[in-house]
Amino acid sequence: MWRHILTRLALCPVILWVIYTITFLMAVAIPGNPFKTSEHNLSPDVQRAVLAQYHADDNWRFYREYLSGLFQPIKALKKEGPLIDLGPSWQYRDWTCNQIVAASLPVSVGLGLTAMFLATVLGVPIGVISAVKRNSWFDYTSLGLALIGISLPTFVTGTALLILFAVELTWLPVGGWGKISQLWLPAFTLSLPFMAYIARLTRLGMLDVLAGDYIRTARAKGLSPRKVIWKHALKNAFLPVLSYLGPACAAALTGSFVIESIFNIPGLGQHFVASVLNRDKALILSTVLVYSAVIILFNLLVDLTYTMVDPRIDIEKA
Amino acid sequence: MSQALSKTIDPELTEPTLSPGSRPWRRFCRSRSAIVSLIIMAVIIIACLATLPITTQMYSQQDLDANREPPQFESFALFGYDLLGRNLLWRCLFGGVVSLGIGLAAAAISVVIGTVWGALAGWYGGRIDNAMMRLVDILYGLPYVLMIILLKIAFEPKLIKLLNSIFGPGQERVANIVILFLAIGGVSWLTMARVIRGQVLSLKTQPFMEAARAGGVPTRRILLRHLLPNLIGPIIVYATLTVPQAILQESFLSFLGIGIQAPVPTWGSLAAEGVKAVNTVVSFWWMVFFPSVLLGLTLLCLNFIGDGLRDALDPKTTR
């Protein structure tokens, strides 16, 4: 078990390096840089010096310098700098990428995790009830809502919810960030497609499991229906949901920037789109690396919880 | 209960024998939601294509006196007018052609890359399979929306230059659409590759493959005549499920302002424009409502059709 975790962790830098290289190749293909479009008319000498300072004059040198600067345990031990140094931003010259990420990543992760929490907490019971009361009005209503959640883009559902809850009913604030009350609307909007999918997965799993012999045995020995459904059946029906949660967390993180833009939330998403448009190659690499690292960690966590829920799964062989 | 009953009387036994080709179609027809979806889809596609001669002329035509007019029967403005006085009915119909075109093209690209990649990995197996599939795993970890944006911004100028040098100047609009489905298709082949690889791995060990190899059939022929026909099922299913994904992704790009360039409409960009026109004082509900309904309905139908196809083409289903 521990050996497996360590191997997976040791592989992370390799995966991140491949991702870094792929992203770098694409970022280099974007023509232009933010230094040339400066409104100040710099003399050629100064311009050359600025480019050299940011390693923007030579792609290969930028690749090496940025990579070698990323991980600095010695500097961190001597308390001279951060452990992971994402370098200075090309566009926002007063900021380092570390500062930008530190300010906005917690917002995006907080929003994404709240959304996934809502999706699971609401989606699983909906799926269980629709499976137990198959073909009832509840089943059909939840199916209808799930279909809306899957087939409408979040910017439409988000705006509809915004008008209903913030403008008409004035129960919740329209946007912004900082108070708990401002979190619910965007998190709920973001969670809708995932909630729909989780409810469907749970329903399908429950239908499979409820037909099993051990459920009949549990009922026959006199366990209450509630205990059979929520404890015995759900534990097995939850497995497909669990394996979906890893990719879903990743998708919630990246999907959050449409939501961030509707609800005016200062998350990491806005920086990605802006960094590509600004040709801020240091920030492009930082955001992709940070996103990827978070996604890899989530996948690892999901795989580990997998073995905890179902001891039959041997993670070493998986 | 009803499921248990239907299992004991296998309909396949009571029916006259069908040819293997017509059996999936028969199964597909049993799913009512899939058939209804197919009909709705056909109506939408025919409506979009049949009006193409009108919509190509009318989609950017402005009537400045009519801007923000609500839906009405006069001059075919059943969906109302947008902020610039353009008839939303024509824009929605033309946008449908563009949206569906992007979906189909992206799905086709993901089918080609995914099938070739998955089939090669599964066929050769061993170390090659390992390396190819690890790369797929890594790409799964990449934030794909970001990749679409990067691909689009990085390669659009190059494609414009290339197209201009081949077809003469003024190819920006074509390049914009082409790069969009290349980018979306380029990130959505991963699931396809995994499914196809699994399929090839299991097919490879089947007796008929061994027979073909023992009979001295050349590898190319085995791949094309014996392997590929057995992969058609999953390819069709996942292609159908990729189309709605691609359409949805285009709508996100439109919302972020990096989708298809105006004035060419897509359902996504129309809905995004409509959402941006929403304010608390006056409601221009038709600008959001009609594109969203068309978009949602199409995605819904395509998902149902995909599910129906999966049930029909899966050799494991007995019904």
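The values are calculated or read from the model by the stated rules, or taken from the named source; none is laboratory data. Just so it is clear, the structure is predicted and the values come from calculations on it, not from any experiment. Virtual Cβ from ideal backbone geometry, glycine too; neighbours counted across all protein chains shown.
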Open item on the list: Given the criteria closer than 24 Å to B:TRP286 by Cβ and within 15 Å of the chain's Cα centre (by Cα), does B:LEU104 qualify?
Closed with: no
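State whether one or more residues within the range B:290-310 are part of a loop (DSSP other than H, G, I, E, B), modelled with pLDDT under 85, closer than 22 Å to A:LEU152 by Cβ and more than 9 Å from every other protein chain (Cβ to nearest Cβ). So that I can check it myself, show each step before the final result.
Quick first cut of the range B:290-310, residues part of a loop (DSSP other than H, G, I, E, B) only: none.
Checked against the condition, which is being part of a loop (DSSP other than H, G, I, E, B), modelled with pLDDT under 85, closer than 22 Å to A:LEU152 by Cβ and more than 9 Å from every other protein chain (Cβ to nearest Cβ), the range B:290-310 yields no hits at all.
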Task: Filter result for B:ARG220 (in contact with a helix residue (DSSP H, G or I) (Cβ under 8 Å, 6 or more places away or on another chain), surrounded by fewer than 24 Cβ atoms within 10 Å (Cβ to Cβ), at pLDDT 85 or above and not aliphatic (A, V, I, L, M)) - done: no
Open item on the list: I'd like to verify a number: residues in the range A:47-87 that are exposed (fewer than 11 other Cβ atoms within 10 Å of the Cβ) and under 26 Å from A:ILE30 (Cβ atoms), how many?
Closed with: 2
Open item on the list: What are the pairs with Cβ atoms under 7 angstrom where one residue, in the range B:130-147, is closer than 17 Å to A:CYS12 by Cα and more than 7 Å from chain A (Cβ to nearest Cβ) and the other, located anywhere, is in a helix (DSSP H, G or I) and not hydrophobic (A, V, I, L, M, F, W, C)? Sequence gap at least six, or different chains.
Closed with: B:MET133/B:ARG197; B:VAL136/B:ARG194
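Looking at B:GLN249, B:GLN245, which one is over 24 Å from A:ARG279 (Cα atoms), assigned to a helix (DSSP H, G or I) and within 11 Å of another protein chain (Cβ to nearest Cβ)?
B:GLN245
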Task: Index of the failed condition, B:GLY233 passing every other in (1) more than 14 Å from chain A (Cβ to nearest Cβ); (2) without any contact (Cβ under 8 Å) to a residue 12 or more places away in the chain - done: (2)
Task: helices (runs of 4 or more DSSP H) wholly inside the range A:34-148 containing at least 3 residues that are over 20 Å from A:ALA293 (Cβ atoms) - done: A:44-53, A:59-70, A:97-132
Task: In the range A:1-51, the residues that are under 30 Å from B:LEU159 (Cβ atoms) and acidic (Asp, Glu) - done: A:GLU39
Task: Considering residues of the range A:118-138 that are free of Cβ contacts under 8 Å to residues at least 24 places away in the same chain and away from every other protein chain (no Cβ under 13 Å) only, the residue surrounded by the fewest Cβ atoms within 10 Å (Cβ to Cβ) - done: A:TRP137
TODO: Considering only the range B:126-201, give the helices (runs of 4 or more DSSP H) lying wholly within it that have at least 2 residues that are under 22 Å from B:SER254 (Cα atoms).
DONE: B:144-167, B:172-187
- [ ] Quick one: which residue in A:LEU172, A:LEU183, A:LEU162, A:LEU152 is closer than 22 Å to B:LEU253 by Cα and either of a type in the set (Val, Ile, Thr) or touching a Ser or Thr at 6+ places or on another chain (Cβ under 7 Å) (or both)?
- [x] A:LEU152
- [ ] Go through the range A:261-273 and count every residue that is assigned to a helix (DSSP H, G or I), surrounded by fewer than 24 Cβ atoms within 10 Å (Cβ to Cβ) and either more than 10 Å from chain B (Cβ to nearest Cβ) or not aliphatic (A, V, I, L, M) (or both).
- [x] 2
Task: Hits in the range B:148-166 (condition: surrounded by fewer than 16 Cβ atoms within 10 Å (Cβ to Cβ) and more than 10 Å from chain A (Cβ to nearest Cβ)) - done: B:LYS161, B:LEU162, B:ASN164, B:SER165, B:ILE166
- [ ] Select from the range B:264-286 the residues that are more than 9 Å from chain A (Cβ to nearest Cβ) and closer than 18 Å to B:CYS48 by Cα and write down the one among them that is surrounded by the fewest Cβ atoms within 10 Å (Cβ to Cβ).
- [x] B:VAL264
Open item on the list: Against the definition (away from chain B (no Cβ under 14 Å), of a type outside the set (D, E, K, R) and out of contact with any strand residue (DSSP E or B) (no Cβ under 8 Å at 6 or more places or on another chain)), how does A:ALA199 come out, yes or no?
Closed with: yes
Open item on the list: Only one of B:TYR124, B:TYR144, B:TYR140 is under 30 Å from B:ARG220 (Cβ atoms) and aromatic (Phe, Trp, Tyr). Can you tell me which?
Closed with: B:TYR124
